[in-house]
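Undergrad: A single structure is presented below for examination.
The values are calculated or read from the model by the stated rules, or taken from the named source; none is laboratory data. The structure displayed is predicted, hence computed values, not measured ones. FYI the Cβ positions are ideal-geometry reconstructions off the backbone, even for glycines, and counts take in every protein chain you see.
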Amino acid sequence: MGARKSELSEVHALRQAAGHDQPGRGWATPSAKHASRIPSGHPEGYLDAFAQLYADLAEQIVARNAGRKPAASALLVPGIKEGWKEYNLSRES
């Protein structure tokens, strides 16, 4: 098991040096940094995307109930307008 652990440590060091294990890298926009909690290409990214949507929607609901504006980062969730546009585009093709 020691050899396997050593291999994993070496792979981790290589990924870190290449910047592959750093969510929201320096070149990412603030909105991308907000939504990036795990490295790109990670299999949990699909589930994490839904978790981010739910967190942002929850922030919007809580803010509305509290009578305040939601955090700007929580407003990146697609809304009715975007959904309607996608629906119309899909019908055209």
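Undergrad: Against the definition (under 14 Å from the mean Cα position of the chain (by Cα), modelled with pLDDT under 75 and not hydroxyl-bearing (Ser, Thr, Tyr)), how does Pro43 come out, yes or no?
TA: no
Undergrad: If I ask for residues that are without any contact (Cβ under 8 Å) to a residue 40 or more places away in the chain, closer than 20 Å to Pro78 by Cβ and of a type outside the set (Lys, Arg), which ones from the stretch 28-46 would you list?
TA: Scanning the stretch 28-46 gives Ala28, Thr29, Ala32, Ser36, Gly45, Tyr46.
Undergrad: Please state which one of Arg15, Arg91 is at pLDDT 85 or above and among the basic types (Lys, Arg).
TA: None of the other options fit; the residue is Arg91.
Conditions (1) surrounded by 14 or more Cβ atoms within 10 Å (Cβ to Cβ); (2) touching an Asp or Glu at 6+ places or on another chain (Cβ under 7 Å); (3) acidic (Asp, Glu), marked per residue:
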residue: Arg37; (1), (2), (3): yes, yes, no
residue: Gly45; (1), (2), (3): yes, no, no
residue: Tyr54; (1), (2), (3): no, no, no
residue: Arg64; (1), (2), (3): no, no, no
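Undergrad: Return the only residue of Ala71, Ala58 being surrounded by 11 or more Cβ atoms within 10 Å (Cβ to Cβ), of a type in the set (Gly, Ala, Ser), touching a residue at least 12 places away in the same chain (Cβ under 8 Å) and within 19 Å of Ser31 (Cβ to Cβ).
TA: Going through Ala71, Ala58 in turn, just one is surrounded by 11 or more Cβ atoms within 10 Å (Cβ to Cβ), of a type in the set (Gly, Ala, Ser), touching a residue at least 12 places away in the same chain (Cβ under 8 Å) and within 19 Å of Ser31 (Cβ to Cβ): Ala71.
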